[in-house]
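K.L.:
The structure's right below; bear with me while I get my questions together.
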Amino acid sequence: MISKYKNILVAVDGSEHSEHAFEEAVEAAKRHDAKLNVISIINDSELSTSAFSFSKIYAAEKEQVEKEMLKKIHDASRKELENIEPFVDLGNPKEKIVEFAKENDIDMIYLGATGKGEISLARIGSTAAYVVNHAPCSVTVVR
């Protein structure tokens, strides 16, 4: 039996794999006439521990992520997908993705096999593995 998805989530972080996941999620949302939720989590463990530095770095990172989200909405609209909603949050990416899926009735998650950055490279696949094992729905991991 093939499921019809109504509420799809794609996690993006600017990595090559997350870009591929975004493209696949857009196509799936079009096929299923589903809402596409695009989430980007700013990893708080990768920000400075100084309160002053943290707030400055967080503000700059959030601004950059929000610009990327606007680009994602534009890209999806060009592919004739109008039901798209962006979300930006701060915290542990793997936990926030699962939490968002549970709280928002998500029935399919797309995410990249690996993320960006040196810290992410040290833990290749840890976010994808966590989401696959804890998500309340199906998960597609994209390379």
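K.L.:
Read through the list (1) open to solvent by less than 70 Å² (accessible area, probe 1.4 Å); (2) over 13 Å from the mean Cα position of the chain (by Cα); (3) closer than 27 Å to K4 by Cα, then give the number of the only condition that N83 fails.
P.N.:
With (1) open to solvent by less than 70 Å² (accessible area, probe 1.4 Å); (2) over 13 Å from the mean Cα position of the chain (by Cα); (3) closer than 27 Å to K4 by Cα applied to N83, the lone miss is (1).
K.L.:
Determine, yes or no, whether K35 is basic (K, R) and farther than 19 Å from S126 by Cα. Please lay out each step first, then the result.
P.N.:
On the way: basic (K, R): yes; farther than 19 Å from S126 by Cα: yes.
Yes: the conditions hold for K35.
Here is a yes/no grid of residues against (1) open to solvent by 50 Å² or more (accessible area, probe 1.4 Å); (2) at pLDDT 95 or above; (3) in a helix (DSSP H, G or I); (4) not hydroxyl-bearing (S, T, Y):
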{"site": "I97", "(1), (2), (3), (4)": "no, yes, yes, yes"}
{"site": "Y110", "(1), (2), (3), (4)": "no, yes, no, no"}
{"site": "K116", "(1), (2), (3), (4)": "yes, no, no, yes"}
{"site": "N133", "(1), (2), (3), (4)": "yes, yes, yes, yes"}
{"site": "T140", "(1), (2), (3), (4)": "no, yes, no, no"}
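K.L.:
Quick check: anything in segment 45-61 touching a residue at least 40 places away in the same chain (Cβ under 8 Å) and within 21 Å of V142 (Cα to Cα)?
P.N.:
Within segment 45-61, not a single residue is touching a residue at least 40 places away in the same chain (Cβ under 8 Å) and within 21 Å of V142 (Cα to Cα).
K.L.:
Same structure again: Condition test on K102, is it closer than 22 Å to G115 by Cβ, modelled with pLDDT of 95 or more and within 11 Å of the chain's Cα centre (by Cα)? Explain how you work it out, then say what you get.
P.N.:
Working: closer than 22 Å to G115 by Cβ: yes; modelled with pLDDT of 95 or more: yes; within 11 Å of the chain's Cα centre (by Cα): no.
Against the criterion (closer than 22 Å to G115 by Cβ, modelled with pLDDT of 95 or more and within 11 Å of the chain's Cα centre (by Cα)), K102 does not qualify.
K.L.:
Of all residues being closer than 17 Å to V65 by Cβ and in a helix (DSSP H, G or I) in segment 26-50, which is modelled with the lowest pLDDT? Just the residue, please.
P.N.:
By that ranking, first place goes to E46.
K.L.:
Return a yes/no flag: does segment 27-40 have any residue that is of a type outside the set (S, T, N, Q), surrounded by fewer than 14 Cβ atoms within 10 Å (Cβ to Cβ), more than 19 Å from P86 (Cβ to Cβ) and in contact (Cβ under 8 Å) with a residue 60 or more places away in the chain.
P.N.:
no
K.L.:
Among the candidates A76, A21, single out the residue that is open to solvent by less than 40 Å² (accessible area, probe 1.4 Å), within 18 Å of the chain's Cα centre (by Cα), closer than 16 Å to T140 by Cα and of a type outside the set (S, T, N, Q).
P.N.:
Of the residues listed, the single one that is open to solvent by less than 40 Å² (accessible area, probe 1.4 Å), within 18 Å of the chain's Cα centre (by Cα), closer than 16 Å to T140 by Cα and of a type outside the set (S, T, N, Q) is A21.
The values are calculated or read from the model by the stated rules, or taken from the named source; none is laboratory data. In this text, all values refer to a predicted model and were calculated from it rather than measured experimentally. Note: ideal-geometry Cβ built from the backbone for every residue, glycine included; neighbour counts use all protein chains shown. Just the protein is used for accessible areas: all its heavy atoms, side chains included, with ligands, DNA and RNA removed. Shrake-Rupley method; radii C 1.70, N 1.55, O 1.52, S 1.80 Å.
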